[in-house]
Amino acid sequence: MIATPERLRAGRIPTTTPRELESARRRTTVVRVGLALLAVGLLGGAVLLARSLAPLPTSYFATGSGGIVVLDLSTSVDQQKAQRAHRVLKTLSETEGRVGLVVFSDSAYEMLPPDTRSEELRPLLPFFAPAPGPSPDGRRSGFPGRPSGRRPSTQLDSPWSETFRGGTRISTGLAEARKMIERDGRPGLSVTLLSDLDNSGFDTSALIEELTTYAREGIRLRVIPLFPQPEDRDLFAQIAGKDTLVERAELLRNTDVEERQSLVGSFPAALVAVVAALLLLLAVAERWLGRLEWSAAR
């Protein structure tokens, strides 16, 4: 019987021998069911692999999405302390997040506004980098920008050395960060303080008041100690709470990103392979296993 346009538009091919196609239909059904089960298995494997990636808490911030760094540049921050600051800043610069930056000693100012790309921290890294090794004549050159003939010093030598000559007033840095959060209407941002906690005794009351404001406004504070004296660390823990201090184990986990160059660790090759196999399977099914329907000719 001749196929009419109406029958062809119905999506079926009329045939006079439908029973001869039954074996092909059953075989196709089996293949389709098998591929469907394989696709479900691959999808389940992809989900399990994705859940096992275990991303590291690399940003130090509350949500991992961004925050404000408050960096101590007072005269008490020497090269050893600057090296720890360098490692933390380098880690943050690799997270591809958003960050603001406040620097302070006895006063504070905003160096980078919130929502700045974290990679903008990289130009600052040379000023906090470890001192290079001895020169051929046996003298150390110290920090970048210091002539090789100068006598090495434990004092941090940076473009801010002439600006920040005073002591440490942590309250000024925290207050500046809080004002930035209020100005930009970003209450969800958290603050990370990098300091040796060698705070001026005249700043204690102002610091307690500022920390009280942080608690009242719900601003999360993390503190990365830069090799503080035990008494300074204990005093700050009493004022701000022990849970604000980043312990050495967490610091090492976070700075491990510097060596692995990735927020979530090594490249998820297994996950990519499973997803690629799943996409290939779907493409094959779409190309070769389209439904073929027929009806008996009348």
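Here, each number is a calculation from the coordinates, and none is a lab measurement. If you're wondering where the values come from, they're calculated on a predicted model, not measured in any experiment. In this analysis, Cβ positions are derived from the backbone assuming ideal geometry, glycine residues included, and neighbour counts consider all displayed protein chains.
Fewest to most neighbouring Cβ within 10 Å: what's the order for Phe127, Phe227, Phe236?
Taking fewest neighbouring Cβ atoms as first place, the list is Phe227, Phe127, Phe236.
Residue separation times 0.36 nm, minus the C-alpha to C-alpha distance between Ile208 and Gln80: what's the value?
Length difference between fully extended and current span is 43.3 nm.
Between Val284 and Leu125, 0.36 nm times their residue separation minus their Cα-Cα distance comes to what?
Between Val284 and Leu125, full extension yields an extra 52.2 nm.
Between beta-carbons, use under 15 Å as the cut-off and find the net charge around Glu209, counting Lys and Arg +1, Asp and Glu -1.
My count for the surroundings of Glu209 gives 0.
Could you give the nm distance between label points at Glu182 and Val30, where each point is 7 Å from its Cα heading toward the beta carbon?
Reported label-point gap for Glu182 and Val30 is 7.5 nm.
Compute the whole-percent fraction of alpha carbon pairs in region 170-240 spaced more than 19 Å apart.
Result for the distance tail: 29 percent.
Name the long-range amide H neighbours of Tyr109: under 5 Å, sequence gap of 5 or more, or other chain; modelled H, no Pro or chain starts.
Sorted by chain and number, the residues that satisfy this are Val103.
For Lys242, Lys81, Lys90, what's the fewest-to-most ordering of other Cβ within 10 Å of each Cβ?
Ordered from fewest to most neighbouring Cβ atoms within 10 Å, Lys242, Lys81, Lys90 come out as Lys242, Lys90, Lys81.
Hey, with R₀ at 41 Å, roughly what FRET efficiency would Arg220 and Leu43 work out to, going by the Cβ-Cβ distance, to 0.05?
Computed FRET efficiency for Arg220 and Leu43: 0.65.
Which loop GluC sites (Glu not before Pro) in region 194-249, with loop taken from DSSP, have no more than 16 other Cβ atoms within 10 angstrom of their Cβ?
Filter output for region 194-249: Glu247.
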